[in-house]
1. Among helices (runs of 4 or more DSSP H) lying entirely in the stretch 108-218, which contain 1 or more residues that are closer than 27 Å to His79 by Cβ?
2. Please go through the stretch 6-36 and pick out each residue that is of a type in the set (Asp, Glu), closer than 16 Å to Ile208 by Cβ and within 12 Å of the ligand (Cβ to nearest atom).
3. Quick one: in the stretch 183-218, which of the residues that are within 13 Å of the ligand (Cβ to nearest atom) and of a type in the set (Gly, Ala, Ser) is surrounded by the fewest Cβ atoms within 10 Å (Cβ to Cβ)?
4. For the stretch 121-138, which residues satisfy the criterion of being farther than 15 Å from Leu102 by Cβ and either hydrophobic (A, V, I, L, M, F, W, C) or touching a helix residue (DSSP H, G or I) at 6+ places or on another chain (Cβ under 6 Å) (or both)?
5. All but one of (1) assigned to a helix (DSSP H, G or I); (2) closer than 25 Å to Ala204 by Cα; (3) modelled with pLDDT under 95 hold for Ser41; which doesn't?
6. Taking Ala157 and the conditions (1) in contact with a strand residue (DSSP E or B) (Cβ under 9 Å, 6 or more places away or on another chain); (2) within 16 Å of the ligand (Cβ to nearest atom), which numbered condition does it fall short on, given that it satisfies the others?
7. For the stretch 117-139, how many residues are free of Cβ contacts under 8 Å to residues at least 40 places away in the same chain and open to solvent by less than 40 Å² (accessible area, probe 1.4 Å)?
Amino acid sequence: MVKLDRVTRRYSDVLALDGVSLEIARGEFVTVTGPSGCGKSTLLNLLGGLDSPDSGELFVDGLALHGAGEAALTAYRRHRLGIVFQFFNLLPALSVAENVELPLLFAGAPRRVMRERALALLHIVGLEARAGHRPHQLSGGEMQRAAIARALVHEPALLLADEPTGNLDTANADLVMTALLKIASQKLTTLVVVTHSEAVAEMAPRRIRLLDGKISHG
Ligand code: ADP
C-alpha cells in the first residue's frame, strides 16, 4: 500500500531522510516515533503529498508520488488521503455529524448517503450518541474521535495522524487509540500515526522508529 524505496530528502546540509526504504501493507496500523529532528514531519509531509523526495521512489495506493505533479498531488490529497492533527479543527457552528459529513458535502454526495456514512463512522468511534451535539459539548478525546470519523468519511486509502493524542490526557488518549485500533481491525484504511508518546506507540501492532533520518527499528 505504502512503499518507499531509498527515499532521501535534504534541506541544505541536513539529510532529513537518508535513504529510507519501507513497506506498509494495506490495512496495517503503524506508529512512527523518534527524537525531535529525526525526520518524522518530513516523512509525514512526503506521505501526505505536501513535499517530494529529492531521490528515491514513493508509492501510495499504486500512485507514484515521487513523479507526481501538483494537480495529481492535489487529487491524491483530496480523494485518497485522510489527515488527523493534534488540534481537532472541528467547525463550532456545525453538529458533530455535520462536521463528519463535511468532506462529502464538497464531493457533492446525496444528503442521505452523507448522514448514513457519518453515523456509521461515529458508531465505530463510539460517538453515535453525540451526533447532534456541538463540538464545544464534547471532551477533547471525543472531539478527536469526531475528527477521525471526518478524516475517514471519504474512505481514504491512507490515514495520517500527526500527534493525535498530543493534546489529550492519558484516559482520552487511550480512547482515541482504541478507536484507531478498531478502525484498523475492520481494515477501513491504512494507518500511520506519528507520536512522541512511547505509551501510545506501543499500542499499535507495528512500530517504526526513526533516528537521524534513518529507520532504526521497524
Ligand atoms: P521531526 O518531525 O522528527 O522533529 P523533521 O522532519 O521536522 O523532524 O526534521 C528533520 C531534520 O530536517 C531536522 O534536522 C530539521 O531541522 C530539518 N528540517 C526540516 N524541515 C526543514 C526545512 N523546511 N528547512 C530546513 N531544515 C529542515
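The values are calculated or read from the model by the stated rules, or taken from the named source; none is laboratory data. For clarity, every value in this text was computed on a predicted model and none was experimentally measured. We place every Cβ from the backbone using ideal geometry, glycine too, and count neighbours over all the protein chains shown. For accessibility, only protein heavy atoms count, side chains too; no ligands or nucleic acids. Shrake-Rupley method; radii C 1.70, N 1.55, O 1.52, S 1.80 Å.
1. Filter on the stretch 108-218 gives 111-124, 140-152, 170-185.
2. Asp18, the sole residue that qualifies.
3. Going through the qualifying residues, I end up with Ser216.
4. Listed by number, the residues that qualify are Ile124, Val125, Leu127, Glu128, Ala129, Arg130, His133, Leu138.
5. (3)
6. For Ala157, the exception is condition (2).
7. Counting residues in the stretch 117-139 that are free of Cβ contacts under 8 Å to residues at least 40 places away in the same chain and open to solvent by less than 40 Å² (accessible area, probe 1.4 Å) gives 5.
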